[in-house]
Amino acid sequence: MTQDDKTRVTVEIYNKYYTVVGNEDPSQVRLVASQVDQKIREIHGMNQQLTTTELAVLTAVNTMNDYMKLKEDYAALLGSQNKKEDK
């Protein structure tokens, strides 16, 4: 895919605009950006002394933690489904 085939979507995260270039549907990019913005604001609400960089890092850590938990849950679900099919 060439650069011309990619979509460009401008999103706002924590009062700053970013242009995201990629193959994802623009509505998906906006949804993800909205969730990131919401998580940053949630963390900021708990500690207003954090810098933007600290907020970004904590948001990334929280998001990766959520992702890893979901991945583990998914693997467990697949495992239990496979056990049922083996019976």
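So which pairs qualify, if the first residue must be in the range 17-41 and among the polar types (S, T, N, Q), the second must be part of a loop (DSSP other than H, G, I, E, B) and open to solvent by less than 90 Å² (accessible area, probe 1.4 Å), the Cβ gap must be under 9 Å, and the two must be at least 6 apart or on different chains?
Within 9 Å, the pairs are Asn23/Lys6.
One line per residue, one yes/no per condition, for (1) within 28 Å of Val9 (Cα to Cα); (2) touching a Ser or Thr at 6+ places or on another chain (Cβ under 9 Å); (3) among the charged types (D, E, K, R):
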position: Pro26; (1), (2), (3): yes, yes, no
position: Leu31; (1), (2), (3): yes, no, no
position: Ile43; (1), (2), (3): yes, yes, no
position: Leu58; (1), (2), (3): yes, no, no
position: Asn65; (1), (2), (3): yes, no, no
position: Ala76; (1), (2), (3): no, no, no
position: Gly79; (1), (2), (3): no, no, no
position: Asp86; (1), (2), (3): no, no, yes
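Would you mind stating whether Val36 is β-branched (Val, Ile, Thr), over 14 Å from the mean Cα position of the chain (by Cα) and modelled with pLDDT of 95 or more?
Here the answer is no, as Val36 does not meet what is asked.
State all residues of the range 45-56 that are part of a loop (DSSP other than H, G, I, E, B), within 16 Å of Asn15 (Cα to Cα) and either touching a Cys at 6+ places or on another chain (Cβ under 9 Å) or not hydroxyl-bearing (Ser, Thr, Tyr) (or both); if no residue qualifies, say none.
Gln48, Leu50
Cβ contacts < 8 Å: first residue at negative phi, restricted to the range 46-62; second residue of a type in the set (Asp, Glu) and open to solvent by 60 Å² or more (accessible area, probe 1.4 Å), any location; separation 6+ or different chain. Result?
Once the first residue is at negative phi and sits in the range 46-62, no partner that is of a type in the set (Asp, Glu) and open to solvent by 60 Å² or more (accessible area, probe 1.4 Å) comes close enough.
Could you please find all residues in the range 7-27 being surrounded by 13 or more Cβ atoms within 10 Å (Cβ to Cβ) and outside any strand (DSSP E or B)?
Tyr14, Glu24, Pro26 - these are the residues of the range 7-27 that are surrounded by 13 or more Cβ atoms within 10 Å (Cβ to Cβ) and outside any strand (DSSP E or B).
If we keep just the residues of the range 66-83 that are of a type in the set (A, V, I, L, M) and within 22 Å of Lys39 (Cα to Cα), which is least open to solvent (accessible area, probe 1.4 Å)? Before the answer, list the steps.
Keep residues of the range 66-83 that are of a type in the set (A, V, I, L, M), which gives 68, 70, 75-78.
Going one step further and asking which of them are within 22 Å of Lys39 (Cα to Cα), we end up with 68, 70.
Values: Met68: 100, Leu70: 119 Å².
Per the criteria, the residue is Met68.
The values are calculated or read from the model by the stated rules, or taken from the named source; none is laboratory data. Here the structure is a predicted model, which means the values were calculated and not measured. Quick reminder, even Gly has a Cβ in these numbers, built from the backbone with ideal geometry, and neighbours come from all protein chains shown. Ligands, DNA and RNA are stripped out before the accessible areas are found, and what is left, the full protein with its side chains, is counted by its heavy atoms. Shrake-Rupley method; radii C 1.70, N 1.55, O 1.52, S 1.80 Å.
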